[in-house]
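To start, the structure itself, in structure tokens.
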Ligand SMILES: [Fe+2]
């Protein structure tokens, strides 16, 4: 159901009847809030546990979730181009490309990841036991950077001018495929300065404290921006700009201040 049809259905009262529907926009969600008491819809249309979900971090994707109960303390990430909503004492927006921590609350949104950290344990040992791959290989003098398998989570329509804060880009949306994986690094790891990606990259902190950093050159002494990440934080604006149909990045890296697990999200234009 497209938005105009949905609004029309809400206005006429027809929208209160169906037990399954897709929430497509902020406007549609606010209409739902006015007409349907929270708790009316108690399930998501689809909940999947992702392939890299494990005892270290349980990872679920919610699609077209309405009033879905998040019972266990979890990082909730909004992957979509429209606001999601967390419901506790009041409904609170979870904007696109952002995240929060919910516990004993309900969530509504078109495409969400819900990540719950497992019992305290040796993260590096667990990640290795789970088969996460050593990004730099086994050499002793390289950073410890372990990567889970990567999965395709879904597709979204994005307006790059809004997402990348580039009003000069052509207006309109394009389809993107989202890929996700987890990373682990131990305390004090500089994960490697780089500046090449053919996708829009975003990171969400899951456990530990880290940072996303920008540099003038491939040199730690040229640091010029330092974005600290605590659990539940997503770096607020993607680091790249679009230029001639490609993405250009500054020199950048992730740094783990403590043992860290973080989520990498890649938005690939289809
Ligand atoms: Fe990167």
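Suppose we filter 168, 152, 129, 157 for residues that are loosely packed, with under 12 Cβ neighbours inside 10 Å and on the phi < 0 side of the Ramachandran plot; which single one remains?
Of 168, 152, 129, 157, the one residue that is loosely packed, with under 12 Cβ neighbours inside 10 Å and on the phi < 0 side of the Ramachandran plot is 168.
Of the residues that make up the stretch 163-181, is at least one over 18 Å from residue 268 (Cα atoms) and within 14 Å of the ligand (Cβ to nearest atom)?
no
Quick one: which strands (runs of 3 or more DSSP E) sit completely within the stretch 226-270 and have at least 2 residues that are away from the ligand (no atom under 14 Å from the Cβ) and more than 17 Å from residue 159 (Cβ to Cβ)?
Strands (runs of 3 or more DSSP E) meeting the threshold: 260-269.
Read through the list (1) closer than 20 Å to residue 156 by Cα; (2) out of contact with any helix residue (DSSP H, G or I) (no Cβ under 6 Å at 6 or more places or on another chain); (3) modelled with pLDDT of 95 or more, then give the number of the only condition that residue 46 fails.
(3)
Restricting the search to the stretch 221-243, which residues are free of Cβ contacts under 8 Å to residues at least 60 places away in the same chain and surrounded by fewer than 19 Cβ atoms within 10 Å (Cβ to Cβ)?
221, 222, 223, 224, 225, 226, 227, 228, 230, 243
Working carefully through the options 218, 214, find the one that is part of a loop (DSSP other than H, G, I, E, B), surrounded by 12 or more Cβ atoms within 10 Å (Cβ to Cβ), over 17 Å from the mean Cα position of the chain (by Cα) and within 14 Å of the ligand (Cβ to nearest atom).
One residue alone meets the criteria, 218.
Got at least one residue in the stretch 12-26 being under 30 Å from residue 122 (Cβ atoms), at pLDDT below 95 and outside the structural domain of residue 204 (by TED's automatic domain parsing)?
Checking the stretch 12-26: not a single residue is under 30 Å from residue 122 (Cβ atoms), at pLDDT below 95 and outside the structural domain of residue 204 (by TED's automatic domain parsing).
Look through the stretch 199-208, keep the residues that are assigned to a strand (DSSP E or B) and within 16 Å of the ligand (Cβ to nearest atom), and return whichever of them is surrounded by the most Cβ atoms within 10 Å (Cβ to Cβ).
202
Which residue out of 187, 175, 161 is over 16 Å from the mean Cα position of the chain (by Cα) and without any contact (Cβ under 8 Å) to a residue 12 or more places away in the chain?
The unique qualifying residue is 161.
Would the stretch 101-109 turn up any residue that is in a strand (DSSP E or B), within 16 Å of the ligand (Cβ to nearest atom) and under 22 Å from residue 258 (Cβ atoms)?
Looking through the stretch 101-109, none of the residues is in a strand (DSSP E or B), within 16 Å of the ligand (Cβ to nearest atom) and under 22 Å from residue 258 (Cβ atoms).
As an exercise: evaluate residue 196 against (1) at pLDDT below 95; (2) surrounded by fewer than 14 Cβ atoms within 10 Å (Cβ to Cβ); (3) within 12 Å of the ligand (Cβ to nearest atom) and give the number of the one condition it does not meet.
Tallying (1) at pLDDT below 95; (2) surrounded by fewer than 14 Cβ atoms within 10 Å (Cβ to Cβ); (3) within 12 Å of the ligand (Cβ to nearest atom), residue 196 fails exactly one: (1).
The values are calculated or read from the model by the stated rules, or taken from the named source; none is laboratory data. Note that the structure is a prediction, hence the values are computed from the model and not measured. Here Cβ is always computed from backbone atoms with ideal geometry, including for glycine, and neighbour counts include all displayed protein chains.
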